[in-house]
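The structure appears below as C-alpha cells.
The values are calculated or read from the model by the stated rules, or taken from the named source; none is laboratory data. Bear in mind that the values here come from a model prediction, so they are computed numbers and not experimental data. Virtual Cβ from ideal backbone geometry, glycine too; neighbours counted across all protein chains shown.
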Amino acid sequence: MPICFRFFQLTPLNAASASSECQKSSATLLRIPNLDTILYIAQYLKSVNVGDDVSIDGTDIVVKYDWKYSDGSDVTYMKWAPGEPSSILCFWCEERCLALQNEIPFGVIYFEGMNNMKCGDSRPYICQLHIYS
C-alpha cells in the first residue's frame, strides 16, 4: 500500500498537537515499520538540514517502556539511536514520546535512530497518509 509523507518543519508542535494536525488530513504521525523506512526518511531529513529532532508516532505514556502508536496498537519496530533510550538511566525523566534523533555525539547528523523525548516539547514532525486505490 503506497504511503505519502508530509514534513512540517516551519510549524513545530508538541506530540499531541502534531498528531491532531495529522489526523485533520486523515493521516497519522510517521510510523517506522522497518529499517528501509527509517533510512529513507533519514536520507530526506539530512538533505533538508532540519537541525532538530523530528516527532514520530509512538508513546509509552500508559505503561513506561511499552511503546504504543496513537491508535493503541503496538510499536513493532524500534531502532534506538546510540545511547538511547537514555531515560532508562533517569527514573524521574518524563521522555515518553518518540522522535528521530537529529544528531549523535561529535555532531554527526543522524536521523537513523529513535530517541524518547518530552511530549510537551515542540519540534518538527512528519505525517503519513496511506493511499488506497
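Close contacts from segment 29-55, counting a first residue that is among the hydroxyl-bearing types (Ser, Thr, Tyr) and a second that is in a helix (DSSP H, G or I), with Cβ to Cβ under 6 Å and a gap of 6+ residues or different chains, come to Ser55/Ala15; Ser55/Ala18.
In summary, Ile32 fulfils each of the numbered conditions (1) surrounded by 13 or more Cβ atoms within 10 Å (Cβ to Cβ); (2) part of a helix (DSSP H, G or I) with the single exception of condition (2). For segment 36-48, residues that are out of contact with any strand residue (DSSP E or B) (no Cβ under 8 Å at 6 or more places or on another chain) and farther than 14 Å from Ala81 by Cβ total 5. Would you pick out the residues in segment 73-111 that are of a type in the set (Val, Ile, Thr), surrounded by fewer than 12 Cβ atoms within 10 Å (Cβ to Cβ) and either at pLDDT below 90 or in contact with a strand residue (DSSP E or B) (Cβ under 7 Å, 6 or more places away or on another chain) (or both)? Matches in segment 73-111: Val108 only. Checked against (1) in contact with a Phe, Trp or Tyr (Cβ under 6 Å, 6 or more places away or on another chain); (2) part of a loop (DSSP other than H, G, I, E, B), Asp52 passes all but condition (1).
Kindly indicate which of Ser70, Ser25 is assigned to a loop (DSSP other than H, G, I, E, B), touching a strand residue (DSSP E or B) at 6+ places or on another chain (Cβ under 8 Å) and either within 16 Å of Lys118 (Cα to Cα) or among the acidic types (Asp, Glu) (or both).
On the way: Ser25 fails: either within 16 Å of Lys118 (Cα to Cα) or among the acidic types (Asp, Glu) (or both).
Of the residues listed, the single one that is assigned to a loop (DSSP other than H, G, I, E, B), touching a strand residue (DSSP E or B) at 6+ places or on another chain (Cβ under 8 Å) and either within 16 Å of Lys118 (Cα to Cα) or among the acidic types (Asp, Glu) (or both) is Ser70.
Among the numbered conditions (1) closer than 22 Å to Pro2 by Cβ; (2) in contact (Cβ under 8 Å) with a residue 12 or more places away in the chain, the only one that Ser73 does not meet is (2).
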